[in-house]
Amino acid sequence: MLIAITQLLFCQLVGEVIARAFDLAIPGPVIGMTLLLITLLYRQSIPHNLESTAEGILSHLSLLFVPAGVGVVAHLTILGNEWQAIVGSLVGSTIVTVLVTGWILQRLHGGANNES
Amino acid sequence: MNPDFGEVWVYLSASPLTALTITLVAYLLGDWIYQKSGRMPVLNPVLIAVIVITIGLTVTGIDYWTYFEGAQFVHFLLGPATVALAIPVARLLKTMRSGYGALAISLIAGSATAAISAVFIAEILQASEQTVLSLAPKSVTTPIAMGIAERIGGLPSLTAVCVIMTGIIGAMLGPYVLNAARITSWDARGFAMGVAAHGIGTARAIQINKNAGAFASLAIGLNGLATATLIPILYAVWQWWSA
């Protein structure tokens with residue numbers, strides 16, 4: 001587990017360094033994820049260790065959003081003044097995005113991977 | 001009562017220990033209510049935790065940044081969690097034999113739709129420019145969205161709030177919208193939830209169907225990449241257009 005955590009942090013660190021060194025718009029963790037993905041696709045198998053640690057972290061993914069979500073307190077003024085625009089934009093855009101993405105994929109890809 | 005209670009309070013309100021404990025207790029409470037309700041989408045655990053902590057901070061008068069200084073240990077894990085998304089993505093890509101083109105097309109369409117529709121609706125409803133820019137990356141996972149907002153001149157912390165709200169809205173409404181539109185394939189349902197509502201939508205998809213969960217995880221990672229590339233380009237075009 002310790003090795004797996006080190007691997008994840010190392011990928012993120014390399015990602016952050018690349019993002020800053022080349023002044024990229026893509027955030028460090030995303031570059032780290034891409035590097036790890038390329039490594040995993042290149043290898044024949046996914047290390048069991050890494051797989052179980054990742055599953056552990058990702059199964060509690062929702063928890064990690066809580067501190068940022070509480071940031072709502074820090075922005076009560078903006079939210080108070082512009083809540084109609086913000087809520088309208090978020091609800092409208094989320095519905096349209098779910099529809100567009102789901103519809104296109106179902107149209108193009110159908111039930112190709114639907115057995116589970 | 002302890003005569004030094006004032007001192008104890010000063011320690012507690014400034015120590016990361018309190019913020020971390022509160023965060024975990026509030027989340028566990030939210031998750032317990034969610035499970036007890038038979039996983040009603042409206043009772044999203046993140047939403048409940050945020051409401052509970054917000055009320056707690058308002059009542060005790062602790063300001064957000066003091067809380068966040070402690071809770072940032074939880075927040076920090078979003079970075080390694082983003083890297084960890086490579087694992088479900090790799091697993092899925094290894095078993096997938098075809099359909100890459102379909103994924104790429106719906107990904108780019110979804111990513112562009114999310115940013116453009118959010119900006120368009122906010123503009124119509126007369127949001128300030130800073131708010132509009134903060135809303136643009138709201139469909140990708142928090143660390144990525146905050147990075148993008150910083151790049152284009154939005155308010156990263158406001159973006160974080162919009163991202164969480166988007167996730168909650170997506171987790172609440174997504175399944176109904178997909179049913180209404182007769183989108184029945186689990187791949188498409190999961191992928192749509194991941195593209196539109198990142199980690200919170202994915203957490204919901206994982207609970208409903210394993211295949212949907214895998215596609216949703218794939219979507220968060222890919223959409224992070226797509227949006228981080230697409231928004232700076234769209235922003236440049238928009239600047240040029242309105243100049």
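The table that follows gives values for the structure above.
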quantity	calculated
Rounded Å value of the spacing that divides the Cα centres of region A:42-116 and region B:174-235	6 Å
Cβ-based exposure ranking for A:S45, A:S89, in which fewest neighbours within 10 Å come first	A:S45, A:S89
Relative contact order of region B:147-243, defined on C-alpha pairs under 8 angstrom at six or more residues apart (%)	25 percent
Whole-number percent relative contact order across chain B, with pairs defined as alpha carbons under 8 Å at least 6 apart	17 percent
Choice from A:G88, A:G32, A:G102 showing the highest fluctuation, given a GNM over chain A with Cα pairs closer than 10 Å	A:G102
Label-to-label distance, nm, for residues given as A:E55 and B:A14 (7 Å Cα→Cβ offset)	4.4 nm
Two-decimal log10 I(q)/I(0) for region B:5-76, as the Debye equation yields it once each C-alpha is a single scatterer, q = 0.14, 0.18 Å⁻¹	-0.46, -0.70
For region B:176-189, Karplus couplings with θ = phi - 60° (6.51, -1.76, 1.60), whole Hz, Gly/Pro x	5, 4, 5, 5, 4, 8, 6, 8, 9, 5, 5, 4, 5, 5
Cα convex hull volume per residue for chain B (Å³)	146 Å³
Region A:1-59, relative contact order in percent, only Cα pairs under 8 angstrom and at least six apart counted	37 percent
Sorted by Cβ density within 10 Å, fewest first, the residues B:D31, B:D187, B:D4, B:D63	B:D4, B:D63, B:D31, B:D187
Number of partner chain Cβ atoms within 10 Å, mean per residue of A:4-13	4
Vicinal HN-Hα couplings computed from phi for region B:53-68 (Karplus, 6.51 cos²θ - 1.76 cosθ + 1.60; Hz; Gly/Pro x)	5, 4, 4, x, 5, 5, 5, 7, x, 6, 7, 4, 5, 5, 4, 5
Selection of trypsin sites (Lys or Arg not before Pro), region B:150-200, meeting DSSP coil and at most 13 other Cβ within 10 Å	B:R182
Helix-derived mean residue ellipticity, 222 nm - over chain B, DSSP H n ≥ 4, -39500 (n - 2.57), to 500	-27500 deg cm²/dmol
Protection proxy ranking of B:14-27, A:61-74 - average other beta-carbon atoms within 10 Å, highest first	A:61-74, B:14-27
Whether region B:89-215 is rounded, prolate or oblate, judged on the alpha carbon gyration tensor where a/c under 1.5 counts as rounded	prolate
Vicinal HN-Hα couplings computed from phi for region B:14-24 (Karplus, 6.51 cos²θ - 1.76 cosθ + 1.60; Hz; Gly/Pro x)	9, 7, x, 4, 5, 4, 5, 4, 4, 4, 5
Volume in Å³ per residue [convex hull over Cα atoms, computed for chain A]	198 Å³
Hydrodynamic radius by Kirkwood, which averages 1/r over all alpha carbon pairs of the protein assembly as shown, in angstrom	20.5 Å
Partner chain coverage, peptide B:113-124 - average Cβ within 10 angstrom	6
Centre separation in Å (Cα based) which lies between region B:107-163 and region B:1-50	29 Å
B:I33, B:I87, A:I26 arranged by Cβ crowding within 10 Å, fewest neighbours leading	B:I33, A:I26, B:I87
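Taken together, the values in this text are just the output of simple stated rules run on the coordinates, not laboratory data. Keep in mind that what you see is a predicted model, and the values were worked out from it rather than measured. Cβ: placed from backbone, ideal geometry, glycine included. Neighbour counts: every protein chain shown.
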